[in-house]
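The values are calculated or read from the model by the stated rules, or taken from the named source; none is laboratory data. All values reported here derive from a predicted model rather than from experimental measurement. Cβ sites come from the backbone with ideal geometry, for glycine too, and all protein chains shown count toward neighbours.
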Amino acid sequence: MPGRNQMLSRDRLVVVVGLIAPLALAAVLVPFRSSFANTDAALAMILIVVAVAAAGNRLAGFVAAVSAAAWFDFFLTHPYEQFTINRAADIETTVLLVVIGAAVTEIAVWGRRQHSAASRRAGYLDGINEAARAVAAGDSPSALVERVGAGLSQLLSLRSSEFQYGIAGIGGPARLEHDGLVTLAGQPYDPPNGEWPPDLGLELLVESGGRLRGRYLMRPGQRWPAREQLLVAVALADQAGAALAASHPAGT
């Protein structure tokens with residue numbers, strides 16, 4: 001949890017910066033406000049909002065946008081030192097500060113999500129490739145089965161995972177199918193409210209060459225993983241099946 005606490009502290013810090021930085025910039029520009037167009041000052045404010053949005057979260061970006069508009073109005077538009085605007089052009093500039101700041105924030109949030117998703121996908125592929133290399137290198141099936149089990153636990157945030165040789169369906173668990181969907185008693189199953197029931201197991205069959213090799217009996221955590229994570233789990237189980245097939249080609 002230290003990592004999460006550090007992230008929360010960083011997010012709070014960026015929100016504070018988003019609140020204070022536009023005020024500081026406006027105060028710096030006060031002595032020069034009569035020598036340049038206030039639209040130039042608005043552009044400088046936008047740079048602050050962009051920097052905060054790039055470094056922080058959505059809240060920080062919105063706070064920076066509103067702060068920039070407020071202090072631009074107070075310090076850099078007539079009448080000065082009042083939250084009042086007399087000219088239509090200044091009203092438009094102030095509104096644009098908020099709108100552009102919000103738009104930049106949303107773009108930054110979207111970019112971070114895309115980067116995070118790409119990083120996750122790269123990690124998933126690395127896990128599959130590592131298992132495939134282990135199969136090709138002739139690692140012992142038991143070691144690979146354990147490695148895949150550990151990978152599943154990390155990938156799906158499982159409470160527990162156990163590989164059981166040669167069985168399926170025992171205990172009436174739900175089943176993770178090879179298309180990434182989950183079934184229970186042969187019917188599609190979606191965890192209620194996206195939360196997996198603590199008393200319901202989830203099995204992932206390990207098969208190869210049409211033969212059942214065993215299953216991973218898993219206890220998912222409360223938060224249900226995304227579909228792409230489930231598909232990666234299936235791919236990992238296929239690698240375990242390939243290893244078991246190589247060691248026991250004639251049976252389960």
(request) Would you point out the residue of the range 26-41, among those that are modelled with pLDDT of 90 or more and in contact with a helix residue (DSSP H, G or I) (Cβ under 6 Å, 6 or more places away or on another chain), that is farthest from Thr105 (Cα to Cα)? (result) Val30
(request) Scan (1) touching a residue at least 40 places away in the same chain (Cβ under 8 Å); (2) in a helix (DSSP H, G or I) for the single condition Tyr80 breaks and write down its number. (result) (2)
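Please verify whether Ala24 is over 32 Å from the mean Cα position of the chain (by Cα) and closer than 14 Å to Ile100 by Cα, treating the condition exactly as stated. Full working, then the answer.
On the way: over 32 Å from the mean Cα position of the chain (by Cα): yes; closer than 14 Å to Ile100 by Cα: no.
Criteria not met by Ala24.
Any chance the range 136-155 includes a residue that's in contact with a Pro (Cβ under 9 Å, 6 or more places away or on another chain) and among the polar types (S, T, N, Q)?
Looking only at the range 136-155, we keep the residues that are in contact with a Pro (Cβ under 9 Å, 6 or more places away or on another chain), and these are 155.
Next cut, among the polar types (S, T, N, Q) only: none.
No; the residues of the range 136-155 include none that is in contact with a Pro (Cβ under 9 Å, 6 or more places away or on another chain) and among the polar types (S, T, N, Q).
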(message) Please pick out the residue among Ala89, Ala41 that is surrounded by 16 or more Cβ atoms within 10 Å (Cβ to Cβ), more than 34 Å from the chain's Cα centre (by Cα) and small (Gly, Ala, Ser).
(response) Ala41
